[in-house]
1. Express the carbon and sulfur contribution to the solvent-accessible surface of segment 566-650 as a percent, rounded to the nearest whole number, probe 1.4 angstrom.
2. Could you order peptides 55-64, 128-137 by the average number of other Cβ atoms within 10 Å of their residues, highest first?
3. How far apart, in nm, are two points set 7 Å out from the Cα along the Cα-to-Cβ line at THR136 and at PHE119?
4. Below 13 angstrom from the Cβ of LEU128, what's the summed charge of the other residues (Lys, Arg +1; Asp, Glu -1)?
5. With the Cα gyration tensor of segment 549-694 giving a ≥ b ≥ c as the square roots of its eigenvalues, does the rule (a/c under 1.5 for rounded; else a/b larger than b/c for prolate; else oblate) give rounded, prolate or oblate?
6. Between THR421 and LYS320, what's the calculated FRET efficiency when r is the beta-carbon distance and R0 is 22 Å? Round to 0.05.
7. How much length is gained on full extension from VAL171 to LYS196, taking 0.36 nm per residue of separation minus their Cα-Cα distance?
8. Decide, for segment 177-298, between rounded, prolate and oblate: order the square roots of the alpha carbon gyration tensor eigenvalues as a ≥ b ≥ c, take rounded if a/c falls under 1.5, and otherwise choose prolate if a/b is larger than b/c, else oblate.
Amino acid sequence: MQDINELAEYFQEEESVNIKEFLFRLLSKWPWFVLLGLMGLVAGYFISKSTPPTYQITGTVLVNSESKGMDMGALFEGFDMGAKANIENHILMLQSYTLNRQALENLQWEVSCYREGFFKDELLYGNLPFVMTRDTAFRQVTGLPVHLEVLEGGQYSLSVDDQIMQEGAPVQVNFEATGRFGQPFRNDYFSFTLDKSVAYPLEVGDRFYFRVNDINRLTLDFQGRLEVSQSTKKADGISLILKGVDPRQQVDYMNELIRVYMDFGLSQKNRTSENTVHFIDAQLAQLVDSLKSAGESFTEFRSRKGIVDLSQEAGLVVQKLENLENERALAERKVEYYRNLQTYMGNAEQMKLMVAPSVMGIVDPALNAQVIKLGELYSKKSTLSFVAKENNPGMQLVEQEIGNTLRSLDENLKNLLSHATVELNSLNSRMSGINLELAGLPKTEQELINIKRRFDLNNELYTFLLQKRAEAAITTASNVSDAQVLDPARVETAVKVGPRTGLNLLIGLILGLALPFLVIVVGDYFNDTIQSKDELEKEAKVPIVGQIAHNNYKKEIPVMDHARSGIAETFRGLRVNLGYLYKGDGAKVVAIHSMIPGEGKTFNSLNLAAIIALDNKKVLLVGCDLRKPRLHHIFERDNHQGLSSYLIGNDTFSDIVRPTGLANLSYVGSGPIPPNPSELIGNGEFHKFMAEARGQFDYIVLDNAPVTLVTDGLLVGRYADVNLFVLRQGYSHKGQVKFINQMSEKESLKQIGLVLNDTVYQGYGTSYGRYGRYGYGGYGGYGYGNGYYDEGYEKLSWKERIVKRVKK
């Protein structure tokens, strides 16, 4: 249990260190955060100034919760078949493309005109600088910005440089032309006449641009900016919100849309009664001639035969016949209506033309309810089709309800048709018996009875249809829309909602700060270089012997001139740690390696040799890099004699050992660059050289060539007691550590150790290289944690120390 707790504490501590490293890495880039943050603020301010103001217009429509009188059956028979208005249907109607397009067509916004400004353009609405009369026979190019400049002498110039889509492909339009106000202008793209507006005085040099509006795009634009929603969950109110740059335009559009919506709803309610009136008018037109002919025949027969009235027996027979014929006429109408309804009930368009059952004299509440419900469902489907697709859940639900209603109606119709057929057959049988009684009457009375029967039947049907037509007309006149305008759109209630300068500034600041943050995060993610000692410890399987601070003194051997600096202390620490790696007595040989150029092996070799020499030890620094030597440049000597000349036998050991000017420190240059350095080092002479060096010096420091490029370093490293590989923080890659681990496992070299070069130390003991170099933690001697600073630092006051630390 204790081991688990210790492990948890270890991971928490490690996570805390990683967070600290990341935070300090961000703070080290504070100039970029400040610069880009300011740039983001400037960009946000510029966007606010260059964006036209946006206004919000609102309106409210109240929907009646109960809808009555939409269907004829309910009115004729007294059955309340009205359904509760569905608020969602009304919202869909207001959002529909059809109604929005109709509103724009009513407003006739053929052209949109803008005044060009320095930062932003101004929409001119209601007071256009000119009136355009389009050639309706010419197909104008729509949506193309046409720039207009007023010239002298009643002329204007037009220019276009933009693209249009023709047959799915972009086409570049570029032209300049001159026209005159009041005269037709025509080219390959436009044909119109521009007349000056009396209410807008034009001046020479005024610049505008206009677009011939595409009604489809304009509809989609307004439809996309319109927000329609239920006002509250408990109220049957609809709120409309529209945002745009000109409040007057938004007000006109919203009010026109509400008017179109109310007209549409009223027309849907009047559809049934209007269909009934049209049906009755058609039936009356057919009856008028029959009734007139029957009346004339009845009058003429009585005058010719001299008969005023029928006998009592004949009157009774006539009464029976008339009653049966009326019943048979009703039964025939029922059968015909049922059959037509069976034929048309699956067709929404045909159902719109069907009249209510009560118009045909059919009093059946169930049938009335089913016909009403089917009509309402078809109407709901038609409304949904404006804005919903076939796979929309709401549309699928309506389709399912229609299917259920059709099945129920079909079953009911089959029963009703069967009963009506039986009733009709029964009436025909009864009429056959009455006709036998009629045959026993005198011939004159028989003829009069037949004529009177036709007249009475047509007259009663005519009277019945006139009554139904009057009822339908009353219904049409009494119908009102299901909605009423509670709050129309008004310019006075417009609210400015954009641009939101504060929000734009905040977004600009966030984006400005996010850019360097993302660069750092992404850079860290893809960065494979060693950034801290902690990372190196995770990758390395060999000991880390030392960490060398960043050289802030711009000198090759800072440990000599700045012996009390932080960088000198890091080399002292390296010297001490080396003592734990040496085995045996005698001269101690340390080889300094690097994997690639630029990691600082020569710098570390020089300063390590110098710091050991300061400890009164005789030190020999040997330039073993025979391919790209640097030591002779640092000591400002020639390179005619050195290790290469010794190995080929031209010089002796004493000839190539030179003083450096530093006490106890001598050096051997690389000598002239040979054509075959590897063969030269491996010819056996280097063994003699090392034997003589061990006999005369306490320490020998070998500055080698990069081991991944050539084999020279590996050959030299076999003569060393300790092999140090220099890795530069923020420069060397983690893959190099794996290579060093493999050399250690294979024992290619003995006593391998690592030196992390060019580090910047923080006060809490964790270091990282280039990220902290500019301004958070200081250079070299600052923040080392042991109290070692530049010379004279301890004499400064605490305020002067802070000032110096900030300057660093």
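1. On the way: 1530 of 3320 Å².
Ligands and nucleic acids excluded, carbon and sulfur reach 46 percent.
2. The densest-packed peptide leads the list: 55-64, 128-137.
3. My value for the distance between the label points is 4.4 nm.
4. Working: positive: ARG115, LYS196, ARG211, ARG248; negative: GLU110, GLU122, ASP195, ASP206, ASP246.
Here the count lands on -1.
5. On the way: a/c = 1.74, a/b = 1.46, b/c = 1.19.
Prolate, since a/c reaches 1.5 and a/b exceeds b/c.
6. On the way: r = 23 Å, r/R0 = 1.03.
E between THR421 and LYS320, to the nearest 0.05, is 0.45.
7. Values: separation 25, 0.36 × 25 = 9.00 nm, distance 3.14 nm.
Working it through step by step, the gained length comes to 5.9 nm.
8. Numbers: a/c = 4.09, a/b = 1.71, b/c = 2.39.
Oblate, since a/c reaches 1.5 and b/c is not below a/b.
The values are calculated or read from the model by the stated rules, or taken from the named source; none is laboratory data. Here the structure is a predicted model, which means the values were calculated and not measured. Neighbour counts run over all protein chains shown; Cβ positions are idealised from the backbone, glycine included. Just the protein is used for accessible areas: all its heavy atoms, side chains included, with ligands, DNA and RNA removed. Shrake-Rupley method; radii C 1.70, N 1.55, O 1.52, S 1.80 Å.
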